[in-house]
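Below is one structure, written out as structure tokens, with a few remarks after it.
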């Protein structure tokens, strides 16, 4: 196997654990915290989770390990999209399990939740694990997006668990995956299977967080990776001085990635979807805001700039959300086939014009033809518009150009407007994890085994105090039900983990808002550079700007 020098070096990196987990398994004790309740809909959530609701938060401390000794056979899956550090969660879980008893077993089920259903697995040993330590990706066992939510699926998983003598299952995933973990934990408890279920918080989007979960793993590495690329583009823009770069970044439901990248690179423009929604901004208002920056810079001779756009920005625009809802209704049932059978775009446009309200048609009409057509591409499994297919960076640059043409005709804008477009998504999902993510993920896995050893189920592995050095991190667990509420999904009320949006009264956004007017006009770019793995701790173990600002 051919390895790069960095691969070889990273295999030898020893992740840092929280202080209380460094004492040795025999000297880790449990301190009980307060009983918990869900963030909303308490009565409904409690009724759905009678066996796992309202449990105490717990913290691990130095002391005598009082957990009963027994052989552990643990299954682990990776669920959902890739995020840097997943391999280290599994490595930490494996090391804690083997440190407790070398006869303990860790089974990795392949391809995500479907691996549990299909009984497709591998048994880990030292050689297998050692080949993946501190590396990016989920290729150790693969991932998948199958949801574990039906009685039939739970029965199959129970039989698979029984066959292998599983004592616990660890689900490494985002908000939907950990919602599934909570539901599976409740089923296992209600049916006295003896199988515990533990979750680990993963998502580069950063929307699985709250007062307890300070960060989801992968966010640090992904935003550092994107910020390096954005910084490179800023340097190029400032060198060539002839292009505006419209850069879309990951984040469909929340704008954490965009905000973090803006804090790291100080672009001229960064849109925050949550602010757009609160202010009920229209597409034309957004375009006008960007055009203001382009005009001021252009009139000063600076015909270049950088704009960061979160992936899901159009869903935050009220008029656009209404348009999408009407299109979903317009193409419901047999209408999709009728629409697809029309001979050309002119005929389809007439069909659309006849089916939309006057207000939504006015929004549709200002869109570039390319974007109009993207709204009618392949539907998702529920028959809805796939918003992720909309090239919002091209949409906004086209609307800005239209606005600038008007200003040029009026004599107020004297610059030139050339554009280039980028989308940073896959580039950050499997990067070599930063030291922070390597340490954090290893700690989450190690900590997950401690929760298993002490008999907890329906809990999320929790490591906090993350803005401090790893020695001061605090390890413990929280019931997943604490993060849940009821939401309408596909026509039904479902218990789900509430997504964390950018808080407009939070310190990270306030810092951004206090500086963006200056950044919009000046060339105030900062260049983070590549992720550093070796060197001074203040460079190599640096946490995100978001976390640093949140924790003061």
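Please treat every number below as a calculation from the coordinates, not as lab data. Bear in mind that the values here come from a model prediction, so they are computed numbers and not experimental data. All Cβ positions, even for glycine, are placed from backbone atoms using ideal geometry, and neighbour counts span all protein chains on display.
For an R0 of 22 angstrom, estimate the FRET efficiency from the Cβ-Cβ distance between residue 338 and residue 145 and round to the nearest 0.05. Before the final figure, lay out the partial values.
On the way: r = 31 Å, r/R0 = 1.40.
After rounding, the FRET efficiency stands at 0.10.
To the nearest µm²/s, what D does Stokes-Einstein give for the stretch 289-444 at 4 °C and 1.567 mPa s, using the Kirkwood radius over alpha carbon pairs as Rh?
For the chosen part, D equals 70 µm²/s.
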Next item on the list: Can you tell me the order of 220-233, 91-104, 149-162, 317-330 when each peptide is scored by its average per-residue count of other Cβ atoms within 10 angstrom, highest first?
Entry: 220-233, 91-104, 317-330, 149-162
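Need one number: % antiparallel among DSSP beta bridges in the stretch 1-119, to the nearest 5. Kindly include the intermediate steps, with their values, before the conclusion.
Working: 6 of 10 bridges.
Around 60 percent antiparallel, to the nearest 5.
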Check: Within the stretch 211-246, whose backbone N sits under 17 Å from a point 7 Å along Cα→Cβ of residue 421?
Finding: 243-246
Note to self: Based on alpha-carbon centroids, what's the gap between the stretch 320-375 and the stretch 412-476 in Å, whole number please?
What the structure shows: 39 Å
Note to self: Given the stretch 319-401, report the % of alpha carbon pairs whose separation exceeds 20 Å.
What the structure shows: 28 percent
Check: Going by average Cβ neighbours within 10 Å, how do the peptides 424-430, 385-391, 503-509, 203-209 rank, with the highest at the top?
Finding: 203-209, 424-430, 385-391, 503-509
Next item on the list: Once you have the Cα-Cα distance between residue 12 and residue 162, take 0.36 nm times their residue separation minus that, and quote the gain in nm to one decimal.
Entry: 50.4 nm
Next item on the list: Calculate how steeply helix 256-265 sits against the longest principal axis of the alpha-carbon atoms of the chain, using the helix alpha-carbon long axis, and give the answer as 0 to 90 degrees to the nearest 10.
Entry: 70 degrees
Next item on the list: Compute from the Cα atoms of the stretch 173-304 the Rg and the Dmax, the latter being the longest Cα-Cα distance, and quote both in angstrom.
Entry: 20.4, 72
Check: Cα convex hull of the chain: mean projected area in nm², to one decimal?
Finding: 27.4 nm²
Margin query: Please report the antiparallel percentage of the DSSP beta bridges confined to the chain, to the nearest 5.
Written below: 40 percent
Next item on the list: Quick one: give the max-minus-min coordinate of the C-alpha atoms of the stretch 56-190 along each principal axis, largest first, in Å.
Entry: 40, 35, 29
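Arrange the following residues from fewest to most other Cβ atoms within 10 Å of their Cβ: 472, 118. Provide the component values of the computation, followed by the final result.
On the way: 472 11, 118 14.
Sorted ascending by nearby Cβ count, the order is 472, 118.
Over the stretch 233-327, what portion of Cα pair distances is larger than 20 Å, expressed as a whole percent? Before the final figure, lay out the partial values.
On the way: 1797 of 4465 pairs.
Of the Cα pairs, 40 percent sit more than 20 Å apart.
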Check: What's the extension gain from residue 300 to residue 378 if we count 0.36 nm per residue and subtract their Cα-Cα distance?
Finding: 23.7 nm
Note to self: Suppose the Debye formula is applied to equal point scatterers at every Cα of the stretch 419-552; what is log10 I(q)/I(0) at q = 0.21 Å⁻¹?
What the structure shows: -1.38
Item checked: Stretchable slack from residue 210 to residue 507, in nm (0.36 nm times residue separation minus alpha-carbon distance) -> 105.5 nm
Next item on the list: Could you please rank 126, 119, placing first whichever residue has the fewest other Cβ atoms within 10 Å of its Cβ?
Entry: 126, 119
Item checked: On Cα atoms only, tilt of 283-299 relative to the major axis of the chain in degrees -> 70 degrees
Checklist line | Spin-label proximity, residue 2 to the stretch 415-442 - amide N less than 20 Å from point 7 Å beyond Cα toward beta carbon | finding: 432
Note to self: Compute the helix-to-body angle for 151-164: its Cα long axis versus the longest principal axis of the chain, expressed 0 to 90° and rounded to tens.
What the structure shows: 40 degrees
Notebook entry, point to check: What spacing in nm lies between the two simple spin-label points modelled at residue 190 and residue 119, each 7 Å away from Cα in the Cβ direction?
Noted result: 2.5 nm
Check: Where Rh is the Kirkwood radius over the Cα pairs of the stretch 51-115, the temperature 37 °C and the viscosity 0.692 mPa s, what D in µm²/s does Stokes-Einstein return?
Finding: 227 µm²/s
Item checked: Relative exposure of 361, 250, judged by other C-beta atoms within 10 Å (fewest first) -> 361, 250
